[in-house]
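The values are calculated or read from the model by the stated rules, or taken from the named source; none is laboratory data. Not measured: the values here are computed from a predicted model. Here the Cβ positions follow ideal geometry from the backbone for every residue, glycine too, while neighbour counts run over all protein chains shown. Just the protein is used for accessible areas: all its heavy atoms, side chains included, with ligands, DNA and RNA removed. Shrake-Rupley method; radii C 1.70, N 1.55, O 1.52, S 1.80 Å.
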Amino acid sequence: MNKLFTILLCFCASAMGPASTLLAAPVHTTYLWHMEQPIYWPDQSPYGAGYETALESIWQRNSGAPHPENDVHSIFTLADRVAAYQDRPKNSIATMSGVDAGAQVTFSGGLIRNVASLGAANYGGYSSSWNSHFQTARNWTTSGGRPRMELTIISYHHSFAPLIDREVLKKDIQIYQSVYGSIWGNTPAQTTGFFPPEIAFSERIIPVLRECGLQWTFISSTHLSRACSNFPLTLGTGGENCNPPNLSDQVNPAQNIWRTQTISRGCSPTDAVPFAFQPHRAIYIDPQTGIADTIIAVPVAMSMSWQDGYQLYNPNDIDIIAPNNDPAKPMLITLGHDGDNAFGGGYSYYMESVPQFTSQAVARGYEPTTVPEYLADHAPAANDIVHVEDGAWINADGDFGDPDFPNWMWPPHTSSGQIDIDNGWAIDAHNWAVITAATNYVLTAEQVSGPSHIPAIQNPRVNAPTMLDLAWHFLLGSLNSGYMYYGTSLDLEQKPVVACNEAVNYAAQVIGSSQDNTPPTIWQLQQWPHNPGSIGFGPLHGYTQVQNPRDFRVWTFAHDISGIAACSLYYRLDNDGANPLSSFQNETFAGGSEVSAWRVRAMTRRTFPAGNPYNYGDVSFDELPTVISEQFIYHLTDAEVTDSGGVLLDYYVKCWDSEGNIQNSDIHHTYVGTGQGGGGGGNRVSWTPQNPLGGQTVTIYFDLTQSPLPQNTNPVKIHIGHSGWQNVLNPDPVMTFDNDSLMWRYTYSIPSNATSVNFVFTDGSGNWDNNGGADWHISVTPAGTPGFVMNGVLDAGAIELGVNGDMHLWADYDGTNLYVATENAQGTSNDRFIFVSQTPGALQAAPWSKAGLVASWSAFIGNESDNGWRGWFDVNGSSSIASSGICEGSLNIVDEFGSLPDSLYVCLARYQTANAGTLQAQIPSAVISNGSIEANEYQVLHLKPRNLTIVPDGASLTLRWQGSALAQSYRIWRANSIGDTPTLIGTTTNTSFTDTPTFSQAIYYIDIQF
């Protein structure tokens, strides 16, 4: 179900009060600017010990080497990046208003190595003193004496923290800490804050952070909100475009105020106000000892961060929520995003948007600051304990904050793409199987001959490395999250393999014939589906709401150099159906009266394919992995769990190697639903007639007393559309209270071509009754013509507007809806966009972090190459789109523009998939090939005839006019005088017509038949 952004904005304002009621205790604001470039070829460099730096990769490409396939020169010499990696963040902070105003900057270790290599050679605009500007800004201080530029700790190789081994994560953080002083200066003291790459957080990493002396970490505001017990779930682009939260995660206190904000990325994140914008303490319980570790969790405001990174931004969004600020615990609005991509990495952002925002924030009574300065005054209380759901950025391609991290771990599937845990294969899973095996080799080598030498791991050119140090160096070099993020683009699938092969080679030499005292390495446990017995949605389910079965699979990879002797799943049932934050029994192996005894089941083992079993054309391995982990699976069908559901489970995995060494995983939790809620809704909803026809009306009745909506709701509103949420009525109609039935009712006129009526209920203030996420659907027998059917098949009447190689643009118009289509972008390594505009205007940043500019659009379709996902963006009117197959969509033109325009403009563009991907092709063809789409590079579609001329020819008249590319034919009407009723005199497919009038005057009208 999709809720329109205008509706959401309206209820937020009314529920939260006007901006003029700002509280005296200020809302605080701060920035998080993330800088990152990976090691582009993590194999042995021909220029010295260790992997290649950026400069060496440029040399290799120039000399004809096959890898890396990335154009490293163009990546690093982009003018905005040259500035962002040197002086622009400092210059931006200097423009900020507010005595404590500042920013957190994260600068990955791979980027440090790369920029240092370029700076040492004075290459591409980089200087050997590239880091001096950051050192200078670190010494600018707040009123409390803290740095106004906070260089926040990050795992050195931008490793994906929730999915890697703890010892490996600790080593990657320690490397960054060891080099911190030499890069950023020893004064002031090193930060105690952490940024998990991709803002991917799990409470399982808390012990590592605390062992490294870190005291606070950034998290996503969304994953704090979704863990609240009354999170208001809406699925689709109008809400959560991913799996709903599992009930086992929803243990945070219920919240009273919610704000949903649509962003131009295909989702509308919902946050609790002020809860999701306040730092709290996240907790981890050691399952062996029961000892708790906590860390301060600082939320990054997901929706506002996206807005800040893609346009000139002001504090208007903060004004909406500011009246709900808690003076004793003020909100900290952290605006976090890439500082080196798209608008958020450019001059206009740093030197125009940032000073404008901070100036306006101060003028409105807000307080720009830094995280350490805020925490010095407003540290969360020791008992302010919360749960944070697993998850990452909500704007990540094909992920949208899904708690299973699918953009970095797409599960095994068949060759046609169906999830198949038992027998399938996927490139992400392959990478993790390789990394898990290499991890066990390196940990065993550390046990045999450690300790390793951290400076030598960081830079083996400067600090003489041992073979153990080189094993660590290459293992860590395999872990960059971007290798998984961009799938099989270029040679990304090869990078983890070549690095792990180097790591295994060095580790094996260290180990030799030594005794293996190292336990098996178990990769982080995976579960399919995320919500057994309940609703599934999002990228893993084809963006279709599904009712999952109650049985489920737990699976993982495990490896030991001595071989895995056995691997078992341990699970137990919760006795009271809850895992409250106040009790630790579900978190420990020992348990207690709240949980049952453990049940043990042997897991099925499987040799995971080391190559490319499906012969995918975009997967190429120059070398196969030296070692790869086995996959272990258990299909849980315990009748006590699956017969009726409604059960909370704890589970973990234990592995033994052939030497008797044992390893336990962390304890995980899942709630198995009852499997109901697929469209029932109890007795609170009914309608008449039971089996309506298209073109009829249907009256819907709703019993508020049985609904989760507030019982004082008056009036109830219905959010309603048809045929898969097409043509949703806007605003939501008000229902009428029926005194006879004591229920609310609404009569809906069903379009003649409708196949279903889709609806939910709302109070208009952010509370929804959506049938437990299933919505309500009335089957309709359509009448009349079907119109544009969104089934992934090109509409029969579609007209080809242009061709560019293998790319086509089609369109059609039925007098109400514009239809546009192109081929599916999936598997092409290029995203596609269809832009629609009433009048293309000034150039603006291309969408989805792409390079270049696009003449301003009114709405657009985005279609991702990685998984084929597509959606409408920036729409005001009702719209629909096919979820698979050809990328086709329709848009109600009058809804969109308020009236029928004379003309529309459309264009199709194809961009490289990666962030900052460049324009590859367009329809119509470029007038000026400059990487941007100019206003004169749109195709005009006239909806009304234009420029009618009449040329006498003896007794006849020849009419000529400017037609439409979408016209099927034209009708010509003639009136013999003003006020006379026009008569149809002809139909033609041409844009001219000859008539012989019989009166001395004639008035002609032309209309288009679409």
Problem - the stretch 562-591, residues that are open to solvent by less than 50 Å² (accessible area, probe 1.4 Å), in a loop (DSSP other than H, G, I, E, B) and at pLDDT 95 or above - result: Ser562, Gly563, Thr588, Phe589, Gly591
Practice task
Would you confirm whether any residue within the stretch 229-242 is at pLDDT 95 or above, open to solvent by 10 Å² or more (accessible area, probe 1.4 Å) and over 21 Å from the mean Cα position of the chain (by Cα)?
Solution key: no
Handout entry: Matching residues in the stretch 491-507 - criterion: being within 18 Å of Pro460 (Cα to Cα) and charged (D, E, K, R)
Key = Glu502
Handout entry: Failed item, numbered, when Ser858 is tested on (1) small (Gly, Ala, Ser); (2) open to solvent by less than 10 Å² (accessible area, probe 1.4 Å); (3) in contact with an Asp or Glu (Cβ under 7 Å, 6 or more places away or on another chain)
Key = (2)
Practice task
For the stretch 593-607, indicate whether the set of residues that are aromatic (Phe, Trp, Tyr) and open to solvent by less than 20 Å² (accessible area, probe 1.4 Å) is non-empty.
Solution key: no
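Suppose the filter is touching a residue at least 40 places away in the same chain (Cβ under 8 Å), under 30 Å from Tyr485 (Cα atoms) and not hydrophobic (A, V, I, L, M, F, W, C); does Gln939 pass it?
Numbers: touching a residue at least 40 places away in the same chain (Cβ under 8 Å): yes; under 30 Å from Tyr485 (Cα atoms): no; not hydrophobic (A, V, I, L, M, F, W, C): yes.
Here the answer is no, as Gln939 does not meet what is asked.
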Problem - Single match in Ser829, Ser837 (criterion: open to solvent by 10 Å² or more (accessible area, probe 1.4 Å) and touching a strand residue (DSSP E or B) at 6+ places or on another chain (Cβ under 8 Å)) - result: Ser829
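With the structure loaded, tell me whether Glu150 is in contact with a strand residue (DSSP E or B) (Cβ under 6 Å, 6 or more places away or on another chain), closer than 20 Å to Asp338 by Cα and open to solvent by 10 Å² or more (accessible area, probe 1.4 Å) or whether it fails that test.
Numbers: in contact with a strand residue (DSSP E or B) (Cβ under 6 Å, 6 or more places away or on another chain): yes; closer than 20 Å to Asp338 by Cα: yes; open to solvent by 10 Å² or more (accessible area, probe 1.4 Å): yes.
Answer is yes for this residue.
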Problem - Criterion (under 30 Å from Gly617 (Cα atoms) and surrounded by fewer than 24 Cβ atoms within 10 Å (Cβ to Cβ)) met by exactly one of Gln515, Gln527 - result: Gln527
Practice task
Could you look through the stretch 257-311, keep only residues that are of a type in the set (Val, Ile, Thr) and part of a loop (DSSP other than H, G, I, E, B), and pick out the one that is modelled with the lowest pLDDT?
Solution key: Thr262
Practice task
Determine whether the stretch 639-648 contains at least one residue that is open to solvent by less than 40 Å² (accessible area, probe 1.4 Å), part of a loop (DSSP other than H, G, I, E, B) and at negative phi.
Solution key: no
Exercise for the section: Count, please, the residues in the stretch 814-844 that happen to be outside any loop (DSSP other than H, G, I, E, B) and either over 19 Å from the mean Cα position of the chain (by Cα) or outside the structural domain of Ile923 (by the TED database) (or both). Expected result: 12
Handout entry: Filter result for Ala282 (crowded, with 19+ Cβ neighbours inside 10 Å, among the small types (Gly, Ala, Ser) and closer than 26 Å to Ser353 by Cα)
Key = no
Completion exercise
Pairing a residue in the stretch 337-363 that is under 19 Å from Val854 (Cα atoms) and open to solvent by less than 50 Å² (accessible area, probe 1.4 Å) with any residue that is assigned to a helix (DSSP H, G or I) and acidic (Asp, Glu), where Cβ atoms lie under 8 Å and the two sit 6 or more apart in sequence or on different chains, gives Gly344/Asp308; Gly345/Asp80; Gly346/Asp80
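Name the one entry in Phe134, Phe76 that is in the same structural domain as Gly193 (by the TED database), of a type in the set (Phe, Trp, Tyr), within 27 Å of the chain's Cα centre (by Cα) and not in a loop (DSSP other than H, G, I, E, B). Before you say what the answer is, go through the steps one by one.
Numbers: Phe134 fails: within 27 Å of the chain's Cα centre (by Cα).
Of the residues listed, the single one that is in the same structural domain as Gly193 (by the TED database), of a type in the set (Phe, Trp, Tyr), within 27 Å of the chain's Cα centre (by Cα) and not in a loop (DSSP other than H, G, I, E, B) is Phe76.
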Handout entry: Residue list for the stretch 399-423, restricted to those being over 18 Å from Ala610 (Cβ atoms), surrounded by fewer than 23 Cβ atoms within 10 Å (Cβ to Cβ) and of a type in the set (Gly, Ala, Ser)
Key = Ser416, Gly417
Exercise for the section: Could you list all residues from the stretch 848-899 that are outside any loop (DSSP other than H, G, I, E, B), under 14 Å from Ala825 (Cα atoms), under 16 Å from the mean Cα position of the chain (by Cα) and of a type in the set (A, V, I, L, M, F, W, C)? Expected result: none
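Residues checked against (1) open to solvent by 20 Å² or more (accessible area, probe 1.4 Å); (2) outside any strand (DSSP E or B):
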| site | (1), (2) |
| --- | --- |
| Thr626 | yes, yes |
| Glu659 | yes, yes |
| Tyr671 | yes, no |
| Thr674 | yes, yes |
| Pro708 | yes, yes |
| Asn712 | yes, yes |
| Ile720 | no, no |
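Check Phe761, Phe788 and return the single one that is of a type in the set (Phe, Trp, Tyr) and in a loop (DSSP other than H, G, I, E, B). So that I can check it myself, show each step before the final result.
Numbers: Phe761 fails: in a loop (DSSP other than H, G, I, E, B).
When all the criteria are applied, what remains is Phe788.
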Problem - Sole residue being touching a Phe, Trp or Tyr at 6+ places or on another chain (Cβ under 9 Å) and among the hydroxyl-bearing types (Ser, Thr, Tyr), chosen from Thr981, Thr987 - result: Thr987
Practice task
Kindly indicate whether Leu163 is of a type in the set (A, V, I, L, M, F, W, C) and either modelled with pLDDT under 95 or assigned by the TED database to the domain that holds Val728 (or both).
Solution key: no
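Let's see how each residue does on (1) surrounded by fewer than 21 Cβ atoms within 10 Å (Cβ to Cβ); (2) farther than 18 Å from Ser489 by Cβ:
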| position | (1), (2) |
| --- | --- |
| Met35 | no, yes |
| Ile39 | no, no |
| Pro68 | no, no |
| Ile75 | yes, no |
Fill in the blank from the handout: Being part of a strand (DSSP E or B) and either open to solvent by less than 30 Å² (accessible area, probe 1.4 Å) or under 13 Å from Gly852 (Cα atoms) (or both) narrows Leu941, Leu948 down to just Leu941
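Of Asn770, Asn730, Asn817, which residue is in contact with a helix residue (DSSP H, G or I) (Cβ under 9 Å, 6 or more places away or on another chain), on the phi < 0 side of the Ramachandran plot and either surrounded by 20 or more Cβ atoms within 10 Å (Cβ to Cβ) or among the basic types (Lys, Arg) (or both)?
Working: Asn770 fails: in contact with a helix residue (DSSP H, G or I) (Cβ under 9 Å, 6 or more places away or on another chain); Asn730 fails: either surrounded by 20 or more Cβ atoms within 10 Å (Cβ to Cβ) or among the basic types (Lys, Arg) (or both).
Every option except Asn817 fails the conditions.
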Fill in the blank from the handout: A careful count of residues in the stretch 456-496 that are touching a helix residue (DSSP H, G or I) at 6+ places or on another chain (Cβ under 6 Å), in contact (Cβ under 8 Å) with a residue 24 or more places away in the chain and in a helix (DSSP H, G or I) gives 17
